[in-house]
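Encoded as structure tokens, the structure appears first; notes follow it.
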Amino acid sequence: MDPSFIPNYNKWIKQFAPQDKYYAKELVESLIFITHDNFIKSMTNDLLAYINKLTGNIALFAVRDILRSEVDYFPDYSAKPIKINNDIGVGSQGEIAHFIRDFRKNYNKDNNLFDHPSLQSMKANKVRNIIFINDIGASGTQIYDFFKFFFRNKTIKSWWSSKLISFHVYSHNLSSQGMHTLVYYNKYIPRNNIFYNIHASYGAKDWDLKKRQKIENICLKYGNLIDPEKALGYKDSFSLYIYSHKCPNNVPIIIWGEKENVWIPLMYTRPNFEISSSFIGSYQFIYTLYAKLKIYVKKNSYILRSDTKKSILILKYLSKFRGNQDSVKKFLDLNNFQLDYYIKELKQFNWIGPNEEITEQGYLVLKKINKRKKEKTKTNIEENYDFYYPTSLQAPNY
């Protein structure tokens, strides 16, 4: 993400020794900011696609922290369980609970969706699928602990033993460690019943070895001053995803940690900025994007540094080969996994449609590429234009 977009950046960067500032800035530029609009839209699309494959009615529950004083998730057979534990704070649990409420309201055409129903309601409506929804699964422990508490209820156990219900997990952001926790320690939720939007990697996938080591070293060097156990994020997750409602603790602590007279965070656990996705795809956005990145598309210029540029090249050759993905893979020397990653990114920003056809916004991108290629003189766009957009286009990172 562009450092100039973050209000606290100048104060934050001054804390580093001169020799460390370059890689501190590289770390910030590698952060991926997920807007609220993007978060809601991607979760909606993921859930709609998944529930269309299920048979039977579906109950949706928000994953939340459990207090030690709580004995049973369903203390009353006929009453709805607690969605948001006010003793802990609204935070992510509130964001997810509100999402479930709105999702059911907007997409319950078949009357098969239930928002945090009671045991009595689940029985009466013959609920057959229970989906636990979470925003970020860094280590997987929060989801796992919530499920254990949920499954403690004797009625739930009985239904599962009788094969009347099945469990599913959706986490918008899930790491390999989180997936391992859910699969290895939990026999009740099959691997195929766990789905996600973003598979968070350890650091950025496009860092070379030198950059990775340098950035990791400064995270350890300065993070140890705050909390050594979270220098690389909770359980050394080293995630780079920031949400509009939350800067998760699986991000290196030098980004969000605060210690009096020792460290000023780049941003707080709830970021105080946002960017509207209405700007994405607009003519002004595309024109400014290419002015900033100075992209000059030439044949065989697909070996590029950023995911942004690679995605644009994928779009170009999808157009050139009339959507033939095999031709695109062969020409750009990509495997199925790599191409699927960029296809999902292009869909995320409406540059290609659900059926992988190029959209009007996608053609606008191509138009700007072709215009840049033909230009012989430097554009007169103001380089000081106040512009921000994450270098990865906020796309899922696989």
Worksheet item: Tell me, what is the 1.4 Å probe accessible area of residue 220, in Å² to the nearest 10?
Response: 60
Worksheet item: Hey, what do the phi angles of segment 68-84 turn into as Karplus ³J(HN,Hα) couplings, whole Hz, using 6.51/-1.76/1.60 and θ = phi - 60°, x for Gly and Pro?
Response: 4, 6, 6, 9, 8, 5, 10, x, 10, 4, 9, 9, 5, x, 6, 6, 10
Worksheet, complete the sentence: Rounded to the nearest 10 Å², the 1.4 Å probe accessible area of residue 76 is 70
Worksheet item: According to the square roots a ≥ b ≥ c of the eigenvalues of the Cα gyration tensor, what is the shape class of segment 48-188, taking rounded for a/c under 1.5, prolate for a/b larger than b/c otherwise, and oblate for the remainder?
Response: rounded
Worksheet item: Using a 1.4 Å probe, what is the accessible area per residue for segment 110-237, in Å²?
Response: 46
Practice prompt. Report the local net charge at residue 98: Lys and Arg +1, Asp and Glu -1, summed over other residues whose C-beta lies under 13 Å from its C-beta.
Written response: +1
Worksheet entry | Carbon plus sulfur fraction of accessible area for segment 29-180, probe 1.4 Å, in percent | 48
Worksheet, complete the sentence: Ordering 64, 101, 128, 212 by the accessible surface of their heavy atoms, 1.4 Å probe, largest first, yields 101, 128, 212, 64
Worksheet item: Accessible surface of residue 199 in the full protein assembly, 1.4 angstrom probe, to the nearest 10 Å²?
Response: 50
Practice prompt. Choose one of 185, 100, 134: the residue whose Cα lies farthest towards the positive end of the charge dipole of segment 84-192 (beta-carbon charges +1 Lys, Arg; -1 Asp, Glu; about the Cα centre).
Written response: 185
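The values are calculated or read from the model by the stated rules, or taken from the named source; none is laboratory data. Not measured: the values here are computed from a predicted model. Note that each Cβ is placed from the backbone with ideal geometry, even for glycine, and that neighbours are counted across all protein chains shown. All accessible areas refer to the heavy atoms of the entire protein, side chains included, with ligands and DNA or RNA removed. Shrake-Rupley method; radii C 1.70, N 1.55, O 1.52, S 1.80 Å.
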